[in-house]
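A short worksheet on the structure shown next.
The values are calculated or read from the model by the stated rules, or taken from the named source; none is laboratory data. Bear in mind the structure is a predicted one, so any value in this text is a computation, not a measurement. Neighbour counts are summed over all protein chains in view; Cβ atoms, including those assigned to glycine, are modelled from backbone coordinates with ideal geometry. For the accessible areas, the whole protein counts, side chains as well, though only heavy atoms, and no ligand, DNA or RNA atoms are used. Shrake-Rupley method; radii C 1.70, N 1.55, O 1.52, S 1.80 Å.
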Amino acid sequence: MKPSAVIHLVGVVAFGLLYAPFKTLTGGGAQMLALAIVYLLVLRLLGQVLDRRIDRRDRS
């Protein structure tokens, strides 16, 4: 399993566990939706960066 998949899986599980507190803090609605989208994009970016670094290390 690629590191990006592990990061995404752990991140989505963490988001699911922390959904209720984040919804309460943001008041729900558009702010919660924006937070969720940004969070998922950051997870994806982090996974891609990690995959690239591992690929570079393996090529060397």
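Which helices (runs of 4 or more DSSP H) sit wholly inside the chain and have at least 3 residues that are in contact with a strand residue (DSSP E or B) (Cβ under 6 Å, 6 or more places away or on another chain) and at pLDDT 90 or above?
Of the helices (runs of 4 or more DSSP H) lying wholly inside the chain, none has at least 3 residues that are in contact with a strand residue (DSSP E or B) (Cβ under 6 Å, 6 or more places away or on another chain) and at pLDDT 90 or above.
Return the pair list, or none, for Cβ contacts closer than 8 Å from residues in the range 21-40 that are closer than 23 Å to Leu9 by Cβ to residues that are hydroxyl-bearing (Ser, Thr, Tyr), at least 6 apart or on different chains.
Sorted first by the residue in the range 21-40, then by its partner, the pairs are Met32/Thr26; Leu35/Thr26.
Looking at the range 1-34 only, could you name the residues that are over 11 Å from the mean Cα position of the chain (by Cα), open to solvent by less than 70 Å² (accessible area, probe 1.4 Å) and farther than 26 Å from Asp55 by Cα?
Gly16, Ala20, Pro21, Thr26, Gly27, Gly28, Gly29, Met32, Ala34 - these are the residues of the range 1-34 that are over 11 Å from the mean Cα position of the chain (by Cα), open to solvent by less than 70 Å² (accessible area, probe 1.4 Å) and farther than 26 Å from Asp55 by Cα.
Is one or more of the residues making up the range 47-56 within 25 Å of Ala5 (Cβ to Cβ), open to solvent by 80 Å² or more (accessible area, probe 1.4 Å) and within 17 Å of the chain's Cα centre (by Cα)?
yes
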